[in-house]
Amino acid sequence: MITASKNTPLTWLVGRYIDSKLRSAFRGVWCSGALPNGDESLIMYSNHSNFWDGFATHAFLRHQRRDGYALMEEPQLAKYRFLRHSGAFSIRRGDARSTIETFKYATKLLAKPRTTICIFPEGVLDARPQRPLKLERGVEVLAKRAGVRCVPVAMQFSFFEHEYPDLVLHVGSAHAPESPEAMSARLEALMNEQARLKTCMGLTPMLRGRRSVAERWDAARRLA
């Protein structure tokens with residue numbers, strides 16, 4: 001497997017690169033809700049529909065002051081090895097020996113305080129996810145093995161009243177490990193709630209990106 005390689009000079013550089021890409025592509029990155037306070041370690045599980053999901057996860061976990069990691073398929077991480085420095089580590093799907101090795105590594109990470117590992121349990125990127133969501137058992141198995149709670153986080157990329165999209169993360173309640181069907185229902189409920197959003201007002205800003213024409217015009221009018 002390919003392990004994460006954080007706390008190196010490249011970690012800061014990769015973090016700055018991820019932030020700059022998010023700022024240039026979005027009007028802002030926002031969250032509704034927050035992870036639990038305290039030192040407990042957690043597994044975060046999310047829907048996976050877009051290239052930006054990993055970058056959004058990195059920004060969110062930094063904002064939450066968490067030691068963040070993400071599980072990534074080995075062929076992809078092998079092509080983009082710089083993501084190791086953001087906390088990515090690998091798994092080979094369909095390979096039992098690789099899965100055991102990865103889960104042992106992840107369990108050691110979760111033994112440290114305030115660690116959060118993000119998993120996309122749909123297994124594959126799906127821009128138009130089927131309903132109900134079909135989640136794999138990795139979250140349940142790893143959470144039971146490590147003795148940690150799980151937190152669903154829905155991600156949405158939306159155009160609201162501006163020409164640039166906003167990236168929103170909607171955080172659910174932490175819970176004990178459950179079956180894939182139960183966690184699927186939790187995540188779907190968050191996604192449905194999130195789909196009703198019409199504005200970012202009231203959400204917590206994590207990164208400010210590109211100002212829209214309307215925002216620049218309003219700023220100019222205030223100066224005038």
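The values are calculated or read from the model by the stated rules, or taken from the named source; none is laboratory data. Predicted, not measured: the structure shown is a model, and the values here were computed from it. Neighbour counts are summed over all protein chains in view; Cβ atoms, including those assigned to glycine, are modelled from backbone coordinates with ideal geometry.
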> Is it the case that the stretch 94-101 has a residue that's part of a loop (DSSP other than H, G, I, E, B) and at pLDDT below 95?
Replying inline: yes
> What are the residues in the stretch 129-181 that are buried (at least 18 other Cβ atoms within 10 Å of the Cβ), acidic (D, E) and farther than 30 Å from P205 by Cβ, if any?
Replying inline: E140
>> I'd like to check something: does the stretch 43-57 contain any residue that is in a loop (DSSP other than H, G, I, E, B) and either more than 25 Å from K134 (Cα to Cα) or touching a His at 6+ places or on another chain (Cβ under 9 Å) (or both)?
In response: no
> When only residues in the stretch 161-197 that are in a helix (DSSP H, G or I) and among the charged types (D, E, K, R) count, which is nearest to L135 (Cα to Cα)?
Replying inline: E181
> Which of (1) free of Cβ contacts under 8 Å to residues at least 40 places away in the same chain; (2) farther than 28 Å from M201 by Cα; (3) touching a helix residue (DSSP H, G or I) at 6+ places or on another chain (Cβ under 6 Å) does P75 not meet, given it meets every other one?
Replying inline: (3)
>> Checking the conditions here, which among T204, T116 is modelled with pLDDT under 95 and under 18 Å from the mean Cα position of the chain (by Cα)?
In response: T204
> Where residues in the stretch 1-16 are assigned to a helix (DSSP H, G or I) and either touching a Leu at 6+ places or on another chain (Cβ under 7 Å) or not charged (D, E, K, R) (or both), which of them is surrounded by the most Cβ atoms within 10 Å (Cβ to Cβ)?
Replying inline: V14
>> Residue pairs, Cβ under 8 Å, 6 or more apart or interchain, first in the stretch 96-121 and on the phi > 0 side of the Ramachandran plot, second part of a strand (DSSP E or B) and surrounded by fewer than 23 Cβ atoms within 10 Å (Cβ to Cβ). List them.
In response: R114/D67
>> I need the full set of residues from the stretch 57-72 which are over 19 Å from S173 (Cα atoms) and within 9 Å of the chain's Cα centre (by Cα), in order please.
In response: H58, A59, A70
> Could we say that F55 is in contact (Cβ under 8 Å) with a residue 40 or more places away in the chain and not acidic (D, E) here?
Replying inline: no
>> Can you pull out every residue in the stretch 73-107 that is within 23 Å of E40 (Cα to Cα), hydrophobic (A, V, I, L, M, F, W, C) and buried (at least 20 other Cβ atoms within 10 Å of the Cβ)?
In response: A88, F89, A106
>> Could you check the stretch 33-92 and list, in sequence order, the residues that are touching a Cys at 6+ places or on another chain (Cβ under 9 Å) and hydroxyl-bearing (S, T, Y)?
In response: Y45, S46, T57, Y69
>> Just to be sure I understand, how many residues within the stretch 151-199 are in contact with a helix residue (DSSP H, G or I) (Cβ under 9 Å, 6 or more places away or on another chain) and of a type in the set (S, T, Y)?
In response: 4
>> Return the residues of the stretch 77-107 that are closer than 12 Å to T3 by Cα and among the charged types (D, E, K, R); say none if nothing qualifies.
In response: R81, R84, E101, K104
> Can you find even one residue in the stretch 17-31 that is part of a strand (DSSP E or B) and of a type in the set (V, I, T)?
Replying inline: yes
